[in-house]
Every structure is written in structure tokens, then in C-alpha cells.
Amino acid sequence: MFWTSIQKHPESMKKVPNLLDYDATYADFSWPAIRAELQGLPENRGLNIAHEAVDRHADSPLRDHVAVQWLGSEGATRAITYAELKSQTNRFANILQGLGIDKGDTVCALAGRIPELYIAALGTLKNTSVFCPLFSAFGPEPIFQRMSRGDAKILLTTERYYHQKVHHLRDKLPRLGHVLLVDAGDHLADDLLSLPRLMTEASDAFVIPPTDPEDVALLHFTSGTTGMPKGALHVHNAVLTHYMTGKYVMDFHPDDVFWCTADPGWVTGTSYGIIAPLLHGITNVVDEADFDAVRWCRILAEQRVSVWYTAPTAIRRFMRMGIEPARENDLGHLRVIHSVGEPLNPEAVVWGEKAMGLPIHDNWWQTETGGIMIANFPAMEIRPGSMGRPLPGIEAAIVQRVDNDTVEVIEAPGVQGELALRPGWPSMFRDYLHDEERYRKCFVGGWYLTGDLAKRDEDGYFWFVGRADDIIKTSGHMVGPFEVESMLMAHPAVAEAGVIGKPDPLIGEMVKAFVALKPGFVPSDELRLELIGFARKKLGSAVAPKEIDFKSNLPKNKAGKIMRRLLKARELGWPEGDLSTLEDSE
Ligand code: AMP
């Protein structure tokens, strides 16, 4: 009904896909069978993500296989084998133990894509502590919010980030015991330590303590529309989803070379940029540099990448630049391309066929789900513009909220509603840290409500429609308007602020703010630039608004809440919809 289909490209059949018959695999699927493909800690001591991702391979014939192929932005490279990754992560786990960091304590990392970040993530999991990545393009305010709400005890970072973004916040972070600097030759103070020195001094032998599958492993912050960021907690049992989606969606085979372009500051960069490929004992390419189309083509060719996971914003950049990677580079090793994070327009799927020699497979998930939930599987016909079908073990539906406790499942195809998942999959988030009430509200009538609007067609493919709330997706990154509005209001000239996502052909949505000024302040281009600069300094480039408009008054509902929906409709010339709740003064 909505679609035209692309037939499978013969290139992608070079290896027999792990999931050949969707319906049969879905029908026969069981999580215990997936668990049986993992090893578990010796002597029945439980299930630990890092054991499955690293030690199990380091103690096997894969020990000398490259686990992480790191490409530095300045041309340096480092190949870390599974055996080396085991000893490095053991050292990091021993450092944490030596500093008194226990099970459940939070270890934050604020760094670019450098080897230490990957070692710290896996070493933290070995110590049964909780790894919490922070996006390095965040400014001091989002970093403070996340470290403070996440009860960070340790921060791993660089000297530059520490001095730019954290040093002046130390007094407000009393729980932060130690900062580990990846580039300090020696300790700078009792609580400001050199990671290289600690790594040299630490033992490379470590026994992973007993790990209950329900022990918390990862803390990922995601944005809300009404409050500060929410800390989604994930447990070690999530490894079942990471493994299963690596097998069926990514279609990992032995000797694959995988490249996930996401930053580990976001959930994709952790679940798939670190964990999933290592679980399958393959080589994980990590590029330190930011997007650069020519460099990316070179990496795909030179590293012989066979499975590539990227995002619509990057694909649209290639399209806009008129670059056709397969024409100028030997991409003969590339077997499958996947995309996630925002809607993948049908033209991009088709562009993949022409410019990459392969179609692009869209998949859908979110921070709370911990892993891919809906996908266009390699062996399945792709419907361009669709997110695909639910993973084996995942029940998805389109529902409509009836009241606070009930939803109705919409069975009819093609009808828009909220995308819902049946709770209970292993990587489902277990809580929002310190915010149980908000967590509970996500579950209604036996379903987890995702906050996304979607449709399902008669063959069970899901089609993304939009967000049910005001969350902004810019360059694939989630931004909560509340966080931006709060920061703008901290400026002495600003009385009120309303923030929306303005559609943008390249980055999906652009963060746009509307502000009303306090008496005595007059709109001007200088003030606009000052506000943009103020927000960039505090929030960082990933979050700050790119456009600011002045308004004498912002539309509010009768409860005094700024109506972002109306701001957006007016900005875009859309119908204004139901205005019955608009405050009289407007
Ligand atoms: P995050 O929690 O930051 O990973 O963002 C999750 C949100 O990104 C989802 O709830 C969707 O709104 C959006 N999203 C993720 N994948 C897709 C996709 N394939 N198509 C459309 N939107 C997506």
C-alpha cells in the first residue's frame, strides 16, 4: 500500500544470512536458546557482558584475532587483539578495585573515540560497576546534569576536557572521588590521576566477580520533554539482545569486519559500537575522526569493512555531496549496510543501491530498549521507508491510549497509533535512575509505550510517523527542549523560552528557540548572537540552538505551560489545531 520494493542485491548473498526464514525463526525463537549460545561465567558465577565480549574469545583460538582496529584522527592506528583487550580491561578493573569502586558504582567517561574509552567500558563491566558514557560534544551543563544525577564516582577523561568542562564543577559533585586522565604522564593530585601510570602499575590478572544477570551494567541518559535527562538503567542480561541482534540483524559471520559510526556517548555507540561485534568475536573498527566523506570511503575500502552501521544524517551528507563510494573505491567486501536513529527516507535506500552497490537496511530502537527491536533483515525484502519487522522474541503493536491504565491495540493495518512493545525482553531498561514514577508511567495496560507514532502494514512492517512528544532529533541525537529552555532562561535577558525541532533536510531537525525578553532588553542581532554563544558555551554544540527568534509573548496553555506544538505550527505554517487550551492573553 505505501511502498515499492527493492529486490535483494546479489552481493548481500555472499554469505548465507543467519536469518533466512523470518516467520520460522520468529515462531521458533526462545531466549533460553540464545542464552545457550553464550558461555556464562565459569563455575556458574552468572552472566557478565565483558566476559562474553572479551574473555571468552581471549581464552579461545580467537585470542590473536583483532578485536578493536582503532584509527586515530591524525593517522595513527592501533590493533588490539582479544588477548590484549583481556589484559587491558583486567588492568582497568583492578584500578577500579584499588580505588574502592564497587558493584553498582557509576564510572563515567568523557572522551572521544579513543582506545582507553573502550578499555574503560569493558573494564568497568568486569568490575560489575556501571558504565555511563557522556558525549564529548556536550558542554559543562549537560555533563554536570548527567554526572550529578548518575552519582558518578569516577570520571575518565582527557586533560583538555577536564579543564574545559569539569574542573569548575568539582565542588558541586561531592560523590566524584577520582578523575582518571588518559593523557597525563603522572598524577596531578591525589584525586586527579594519570591513567597510563595506573595501567602500568595494575596487575593484568582479574577474576570477574559473580554477576547476576540482573546486576546493573550500563547507564544511558536520554532526554525528556518535561524534565532534565532521564537515566535509563540496563542490566548484564541485555547481552542476550546484543548477541541476538548481532546475529540476526547485523548478520555477523566469523571474520567479519564491522564498523559502527555512532559515538559511544549514545546508546548505539555502546550496544553496537562496543558490545555486539565483540560478542561475535569479530573485528570492530573504531574511527576517532568526525564525519569526512572521503575518509569514510577510504576506511570502508582499506579496512575491508563487511558490515556497516551508520545513520541517515551521514547518508544524506554523501547524497548531497554527490559522492558515490562504490564508484571510486573497492567496496567488494561490503555485504550489508544498516541505518538507525532517525527516519531513513526511501530515496536514501535507493541511493544505497546505486552509490554503494547495496541497499540500506533501516532499523528502529531507542535508549530504553537497549538493542534493535524492529529491522529490515538482510534476507528480507526491504520496503524503502519502513523500519522493518519486529525481532524474534519481540512483540510490537500499534496502540491507542484509552485512559491512564488502558490501551487498545489497533489491529487494522495502516492506522496511526503509538508504537508499543510487550515488556520482558532482556535489554529492556529496568528503571529511570531516581525516577521510578516516570518509569512506571511508560508501562500501560501490559505494554511499554515508546513515545513514537507509527503504522503497521498488512504484512507486519512498521512505518515511522513521528514522535508523540516534543523530543528533538538533530543529527540523530536526542535533545530535550526543556534542557535547552532552562539554560536559555539562565541568561539575564531571557524571561521565557520555547524550543522546537525545525525540520532540516540534512540533519533531520534543527534546534530552534523562541525567547521573550525581560523588561529593559530589546531584541537585536547582537543579543541573538550573544544568546547563541551563551547556549553553545554551556550546552555544547550538540545541544545548543542554531536559530533564535524573539517574540514579545510565547503561547501558553491555561496552566501556563509554553505550547511548543503551537510555536512549531506557526513557524512551519502548519494548521494550528485545537486552541481551546490556549491562554486568553494570546
Ligand atoms: P535514542 O533513544 O536517542 O536512541 O532515540 C530513539 C528515538 O529515535 C526513537 O524513539 C525514534 O523517535 C528515533 N528513531 C530511532 N530509530 C529510528 C528509525 N529507524 N526511524 C525513525 N526514527 C527512529
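Quick rundown of the values:
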| read-out | value |
| --- | --- |
| Pairs of Cα atoms farther than 16 Å apart, segment 471-572, % | 53 |
| In Hz, Karplus ³J(HN,Hα) per residue of segment 491-496 (6.51, -1.76, 1.60; θ = phi - 60°; x = Gly, Pro) | 7, x, 8, 9, 8, 9 |
| Residue-averaged [θ]222 nm for the chain, counting only DSSP H segments that reach four residues, each worth -39500 (n - 2.57) | -7000 deg cm²/dmol |
| Inter-part distance where segment 212-263 and segment 374-450 are each reduced to a Cα centre, Å | 17 |
| Local electrostatic count, Asp452, Cβ distance below 12 Å [Lys/Arg +1, Asp/Glu -1] | -1 |
| Separation in nanometres of the label points that stand 7 Å from Cα toward Cβ, at Thr406 and Arg175 | 4.0 |
| Under 13 Å, Cβ to Cβ, from Pro196 - net charge with Lys/Arg +1 and Asp/Glu -1 | -3 |
| Segment 471-572, dipole about Cα centre (Lys/Arg Cβ +1, Asp/Glu Cβ -1), debye to the nearest 20 | 380 |
| Candidate lysines - alpha carbon under 21 Å from Lys561, same-chain residues fewer than 8 apart omitted | Lys230, Lys441, Lys502, Lys512, Lys518, Lys551 |
| Cross-link partners of Lys86 among lysines (Cα-Cα below 25 Å; sequence separation of 8 or more within a chain) | Lys103, Lys126, Lys153, Lys247 |
| Stretchable slack from Ser580 to Asp457, in nm (0.36 nm times residue separation minus alpha-carbon distance) | 40.9 nm |
| Net charge over other residues, Cβ less than 10 angstrom from the Cβ of Glu84 (K, R count +1; D, E count -1) | +1 |
| Rg and Dmax [Cα atoms of the chain; Å; Rg one decimal, Dmax integer] | 23.7, 73 |
| Förster radius 51 Å - calculated FRET efficiency between Ala495 and Asp186 (Cβ-Cβ, nearest 0.05) | 0.55 |
| Those lysines that a straight Cα-Cα span of less than 22 Å connects to Lys354, excepting residues fewer than 8 apart in one chain | Lys8, Lys14, Lys15 |
| Most to least accessible of His236, His333 (protein chains only, probe 1.4 Å) | His333, His236 |
| Residue-level accessible surface for Arg160, protein heavy atoms, 1.4 Å, Å² | 140 |
| ³J(HN,Hα), Karplus 6.51/-1.76/1.60, whole Hz, each residue of segment 401-409, x for Gly, Pro | 6, 9, 8, 4, 10, 9, 10, 10, 7 |
| In Hz, Karplus ³J(HN,Hα) per residue of segment 275-289 (6.51, -1.76, 1.60; θ = phi - 60°; x = Gly, Pro) | 6, 4, x, 5, 4, 9, x, 9, 8, 10, 7, 10, 9, 6, 6 |
| Amide hydrogen neighbours beyond the local backbone of Val257, cut-off 5 Å, H modeled | Ser306, Val307 |
| Cut-off under 5 Å, modelled amide H: who pairs with Val465 long-range | Leu453, Ala454, Lys455 |
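The values are calculated or read from the model by the stated rules, or taken from the named source; none is laboratory data. On a predicted model such as this, the values are computed, not experimentally measured, just so you know. When we count neighbours, we look across all protein chains shown, and the Cβ atoms used for this are built from the backbone with ideal geometry, even at glycine. Calculation scope for accessible area: heavy atoms of the full protein, side chains included, ligands and nucleic acids excluded. Shrake-Rupley method; radii C 1.70, N 1.55, O 1.52, S 1.80 Å.
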